[in-house]
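For reference, the structure discussed in these notes is given below.
The values are calculated or read from the model by the stated rules, or taken from the named source; none is laboratory data. Keep in mind it's a predicted model, so treat the numbers as computed, not measured. So basically every Cβ, Gly included, is an ideal-geometry build from the backbone, and we count neighbours across all protein chains shown. For the accessible areas, the whole protein counts, side chains as well, though only heavy atoms, and no ligand, DNA or RNA atoms are used. Shrake-Rupley method; radii C 1.70, N 1.55, O 1.52, S 1.80 Å.
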Amino acid sequence: MNKLDAIKYFCLASETLNFRETAMQLAVSPSVVTRVIAELEQELGEQLFKRNTRQIRLTNFGEQFLIKAKQLLADTDNLFKLGKQQTDEMAGVVRITFPRWRENDKILDELLTALAPYPQLVIDWREDMTKFDAVEHRIDIGLRIGPEPNPNFIIRKIADLQDWIVASPKLLERLGAPKDLDDLQRNFPFSLPINVETGRAWDLAMNDEQKLLPREVNFYSTDPECELKAVLRGNVVGFISELFCKPYFERGELVKLFPELPIDKWQLYLYRPYQTITSPRVLFVFDRLTEILKKRYT
């Protein structure tokens, strides 16, 4: 027995006080109404109607049960209206995760400006260098850099990015320019990124066959922008995404070393988990973020 349907049958029958008329309004046979009411009475352990060949009346228990049954149906209708209202009026929460980057304040400012006409739309903005689990943390939208996107995500590619080997003019003035890659690895101090999930340093992989293997490491960090600060100060050489390096390279504050080396590219992409139903507010925010990021990074 579908209990919610049974309650609907009961409420309508209590209005008509006629099982045949109830059946006509529900587009079922009178025997179905009789069976559903009988099953509901069996479930409750109480009689809902007094019936004879001429008339039908609610019992005392039936009158009391009717009050609560109508309230239940009203609450059920309101529950479904809430979802529709949030869809129609762009109301509700959209949870977004971004890596902790310096430009996030500008990206967030542009996003909030675009969403200003929708005051009931709530943004839950989370910044972390770890990758939040989309299900466990109920993530609606996220930004990542990686070689291949997760197949369970719907992806918007923003840009192809490459890691650069970079040093500041200060460091090169002090140590001289490296003669070759072997000289760089043997005689120059490096920074290394830390994998926050393992606590160990990432490999500096340039491609599937070649890694940077520095002998001297003078700086470690979980944050690429902190690595960049150490590089700009002339303390170390860094292997850092062009996403962070490019503005300083264009201003002459960084030198790109060995640009001819084959270094694999990564994808910067916006994602949302694949779901059978995605609310229009999530789709709307996804589109706005795509526009903002492509304008900034392509």
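Values for this structure:
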quantity	calculated
With every protein chain in place, the chain: carbon and sulfur % of accessible area (1.4 Å)	49 percent
For Leu161, distant residues with modelled amide H under 5 Å away	Trp266, Gln267, Leu268
In order through the stretch 235-242: 3J(HN,Hα) via Karplus (6.51 cos²θ - 1.76 cosθ + 1.60), integer Hz, x for Gly, Pro	7, 8, 8, x, 10, 10, 4, 4
Cα long-axis angle, helix 104-114 against the chain (0 to 90 degrees, to the nearest 10)	40 degrees
Cross-link table Lys179/Lys229; Lys246/Lys294; Lys170/Lys265; Lys106/Lys246, entries beyond 21 Å C-alpha to C-alpha	Lys179/Lys229; Lys170/Lys265
Inter-label distance for Phe249 and Thr276, nm, one decimal - labels placed 7 Å from Cα along Cα-to-Cβ	4.7 nm
Where labels lie 7 Å past Cα in the beta-carbon direction, separation of Phe61 and Asn187 in nm	9.6 nm
Nearest-20 debye value, the chain charge dipole, Cβ charges on Lys, Arg, Asp, Glu	860 debye
Listed residue (Ser29, Ile277, Met90) projecting farthest to the positive dipole end of the chain, Cβ model	Ser29
Net dipole in debye of the stretch 1-119 [+1 Lys, Arg Cβ; -1 Asp, Glu Cβ; about Cα centre; nearest 20]	420 debye
Antiparallel DSSP beta bridges within the stretch 156-298, as percent of all bridges there, nearest 5	70 percent
For the chain, with +1 on Lys and Arg beta carbons and -1 on Asp and Glu, the positive-most of Ala167, Asn195, Asn152 along the dipole	Asn152
Residue-level accessible surface for Val217, protein heavy atoms, 1.4 Å, Å²	40 Å²
Förster radius 25 Å - calculated FRET efficiency between Asn218 and Phe153, Cβ distance, rounded to 0.05	0.10
Pair Asp287, Arg233: separation of 7 Å Cα→Cβ label points (nm)	4.6 nm
Fraction of antiparallel bridges per DSSP, the chain only, in percent to nearest 5	65 percent
Extension reserve of the Thr53-Asp109 stretch, reckoned as 0.36 nm per residue once the Cα distance is removed	12.9 nm
